[in-house]
1. From (1) modelled with pLDDT of 90 or more; (2) under 18 Å from Asp24 (Cα atoms), pick out the condition that doesn't hold for Lys91.
2. Kindly check whether there is at least one residue in segment 51-68 that is out of contact with any Asp or Glu (no Cβ under 9 Å at 6 or more places or on another chain), under 30 Å from Ala28 (Cα atoms) and at pLDDT below 95.
3. Scan segment 6-38 residue by residue and report those that are within 18 Å of Pro67 (Cβ to Cβ) and modelled with pLDDT under 90.
4. So for segment 74-87 (the condition being modelled with pLDDT of 85 or more and not small (Gly, Ala, Ser)), does at least one residue qualify?
5. Within segment 1-30, which residues are in contact with a Phe, Trp or Tyr (Cβ under 8 Å, 6 or more places away or on another chain) and not small (Gly, Ala, Ser)?
6. Suppose we keep only residues that are part of a strand (DSSP E or B) and hydrophobic (A, V, I, L, M, F, W, C) within segment 9-68. Which one would you say is surrounded by the most Cβ atoms within 10 Å (Cβ to Cβ)?
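The values are calculated or read from the model by the stated rules, or taken from the named source; none is laboratory data. Computed from a predicted model, the values in this text were never measured in an experiment. No Cβ is skipped: glycine too gets one built from the backbone with ideal geometry, and neighbour counts run over all protein chains shown.
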Amino acid sequence: MSGKGYSYSGSGTNSQGNHWCSRDFGSAASNQNSYHYSNRDGSYYYSNPDNSTYYNNGRGGSTYTAPSGYKYSSGYSSGSSSGNSGSGSGKSN
């Protein structure tokens, strides 16, 4: 572990050209597979060690999903979708 409370466990670019980075927060973390994606379209996605997630579509809309599953969204125009918060899926180690 670094002084930051985590260590980097991998990074790269997937087949869609999106950058990913995974971090190891240790066995005490609820989600030991924490990672983030920075996507080519300007969006980004975080899967956090407390099992929360954060997605920003790069156009002013964002969605935070708490560990309880409750979603908080802001910046989306009415009637538009919050986007694909799973845009980071498909990461391979």
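1. (1)
2. The answer is yes; a qualifying residue exists.
3. Tyr6, Arg23, Phe25, Gly26, Ser27, Ala28, Ala29, Ser30, Asn31, Gln32, Asn33
4. Checked against the condition, which is being modelled with pLDDT of 85 or more and not small (Gly, Ala, Ser), segment 74-87 yields at least one hit.
5. Tyr6, Thr13, Asn14, Asn18, His19, Trp20, Cys21, Arg23, Asp24, Phe25
6. Per the stated criteria, the residue is Trp20.
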